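Values quoted throughout were computed directly from the atomic coordinates according to the rules given, and no laboratory measurement underlies them. Quick caveat: nothing in here was measured; it's all calculated off a predicted structure. FYI the Cβ positions are ideal-geometry reconstructions off the backbone, even for glycines, and counts take in every protein chain you see.
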Amino acid sequence: MQYLKRPSLFPPEGLMARFLLMAGGVLIVGMLVIGFWVTSKIEEGVTNSAGVITALYVDAVLSPVVQELALGDQLSPRNLEALERVLRRGALRDQISVFKLWTPGGKVAYSDNPALMGRVLGSSPGLEDALSGSVHTRFDRTFHTENVGAAGVPLLEVYSPVRSVVDGQIIGVAEFYTTAQGLAGDLAAARIQSWVVVGLVSLAMSLALSLVVAGGSRTIKRQRRSLDAQLAELSVLAQNNAGLAQRVEQANHRIASLNEDNLRRISADLHDGPVQQLAFAALRLGKSENERQQQVRRAIDEAMQEIRDICSGLALPDLDDWSVTIIAKRLAAAQGARTGSKVALDIPSDLPTMTPAAKICIYRFLQEALNNCAKHAPGAEQRVSIEAKADILGVSVSDDGPGFDRHNLGDGLGLVGLRERIAGLKGHLRIDTEHGAGTTLSMHLPILAEGQMT
């Protein structure tokens, strides 16, 4: 097993550069948006303030000579002359470029362009705002087409309501355009100042965040070096553990093979030693009518048969050419011949090939389970079931005998040896039993790939 380093989605070496690139873009866009918004608000506020001040001044000067509009929609010649004198003298002459006086009905009561006087013209947003009682102002960088003399000069458009001095009702609207060179300069200065402030604040935020990111980048580099060192150690440990696990598995296989060799030798020793001596003793006794000698002869014959059965159980047949299916069928047939009870088989036709150690384990498991069933539940119906799911082979032996209390289960030497043998192959043994519900002994072994069967 080898641990491979997974490349980081954000390697710390480029973290600072990426942050500066992304943060710079975000801050520039934010600076532009905030700058435009701030300057628009400043322009709006300055324009409204200038317009309101101018409107108040004009209203204070013009209101006394236009009160006649409260009685009708036109001014008398005397008031028209007085209005012209007001507009042509003092500060108003220098400040106001275009002037109109509207009636509430939309008629031009007075204009510095005589051709417009008495005409009813279309409404405009500024006129509507003024008729509703508000002072409408708009800074116009394009120049008023009606005022040739003001070409090249920015203008401030103002619509100011004119109220009656008696009841405060709106009796007209004064529309005028005043030169706004000073206002344009103030707006330009305010715009520059706002951009400078926003830029400095953005720069300070960038520097502060850069310091934070730089510190974090250094911490990430240190932690990454530490993690790389730990991963290298873990990789070495994992490789060592994998090697140890493989050697343990190989040792288990060798132990199982050595156990089988020992069992074969014990079987041969029993057959060539005690069995032969017992046979010689039986031969010496011969046929006798003495009751005691006959009892001894029968005991010797039973002992020889039992030892032969033990030898037969200890010695394994050559399983190299046997599949799992053949193992199950041979043991089931032997069990049936020995006990006289047929063993039912539930075996699919597509079982996988198992390793030699696994086939030995399956043979011993079936042998022990069937023998236990015959011993503890004689006459009970027995069933051998085998199935392969995913990478696990399951083998079970069940009977419908009386069962026993699983909490008082005392493992004999056979079950202990089976459990250790199965665990050595990374499998597990399970016993399911209850009083009156039969017993099921099952084992599960991993199915190794073809390349692992060594």
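Calculated FRET efficiency, Phe36 to Leu211, Cβ-Cβ distance, R0 = 30 Å: about 0.55 to the nearest 0.05. On a 19 Å Cα-Cα criterion, which of the cross-link pairs Lys342/Lys375; Lys41/Lys100; Lys359/Lys389 come out too long? Lys41/Lys100, as the Cα separations exceed 19 Å there. Couplings 3J(HN,Hα) for the range 222-227, derived from phi with the Karplus relation 6.51 cos²θ - 1.76 cosθ + 1.60 (θ = phi - 60°), are 4, 5, 5, 4, 5, 5 Hz, where x marks Gly and Pro.
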